[in-house]
Amino acid sequence: MNGVTHFYVGSTDITSALASGGGQIGGLLTARDQTIPTTLASLDQLAYGIATQVNSVNNAGTDLDGDNGNAGNIFNAPAQVAGSAQSMQVVLTDPNKIAAAGLGLGTGDGTNAVAAANLATQAVINGQTPSNFYSNMVSTLGAAVSETTIQGTELSASLTQLQSQRDSLSAVSLNEEAASLQEFQRSYQAASQVFTILNSVYASALNLGVETAVA
């Protein structure tokens, strides 16, 4: 589906169950299906906004060749947001096509260059400046990585603790068990001897007048 590998048991798609099940597989699937696509979508939005805004400003001024309002694009014009980051590139090869002057103000003017520079402080990317948008994107990604790292550390500590508890319950000392076995054997032999004596005593009591040897 959509070029992404899914996992099936028979005809049942278990990809979502694996992703929500935790562990290494769950983490990889979550990164593949959620974290990475979200980050790429943000990069596409950033690239799309910068390319379209810069191109728009350049085509709104006058370049050194005297072109008014049609100096051309600095970046390739993105057809859509998706894929803009991957396809973004500078297509302007002639510096004379940089429309630094305001429209019709002559080649010595620089107001349009100032307008292009001011894009850095304007809310042109989803209501944010390019730098703020990028900073928020990186912060969000960093927070996700940090949270995942912390969870991984906590789970590793829990696993170590559980393994220690398991070992304390299941670990067996062969020397101690052998000593205990010998002790139980001697106790059994002593108890057996007691019953042998009691049996002889009862036999003597039941056979009054008959001499009975007691071992």
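A few notes on this one:
- Principal axis box of the range 8-154, alpha-carbon based, largest edge first, Å: 69, 34, 23
- Spin-label model distance (nm) - Thr111 vs Ser164, 7 Å beyond Cα toward Cβ: 7.3 nm
- Full-stretch length increase - Ile197, Val9 - with 0.36 nm per residue and alpha-carbon distance subtracted: 60.7 nm
- FRET E, pair Leu103, Thr39, Förster distance 41 Å, beta-carbon r, rounded to 0.05: 0.60
- Segment Gln122-Ser156, length gained on full extension (0.36 nm per residue, minus Cα span): 7.7 nm
Where a number appears in this text, it was derived from the coordinates with a stated rule and is not lab data. Keep in mind the model is a prediction, meaning the values are calculated, not measured. FYI the Cβ positions are ideal-geometry reconstructions off the backbone, even for glycines, and counts take in every protein chain you see.
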